[in-house]
Amino acid sequence: MSYQLITPWDTETWIADGTYASPYARLAGRPNQQGGRITDVGRGITLLVTGTTVTENRTPSQDDLADADVYYLGGHSYTLDDAEAQVLINAGYSEYLTQL
């Protein structure tokens, strides 16, 4: 049996010139003091698996990826076997898995 994993997403709010993230998601679409607009941007969350431990990382470095036993990049879909899926289920990520 196999599973489809669609990695989690989260929304970050960025000032429209793209220079920095803002914690004020509720303000999306409103003007900012610099004359631009605040915009919400979806960001995929990468799942790093080391043994039976799963951690989330929004901006993984090459070292983070190399140190993990396996990783699932944010914003992607993967087909997993039962053993791979079970690690994610045990870690609480079952809502991102669909049985095929």
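Taken together, the values in this text are just the output of simple stated rules run on the coordinates, not laboratory data. None of the values given here were measured: they were computed from a predicted structure. We place every Cβ from the backbone using ideal geometry, glycine too, and count neighbours over all the protein chains shown.
Things to note:
- Residue order, fewest to most beta carbons within 10 Å, for GLU84, GLU56: GLU56, GLU84
- Per-residue ³J(HN,Hα) for the stretch 55-70, Karplus 6.51 cos²θ - 1.76 cosθ + 1.60, θ = phi - 60°, Hz, x for Gly and Pro: 10, 9, 8, 7, 9, x, 8, 4, 5, 4, 5, 5, 6, 7, 5, 8
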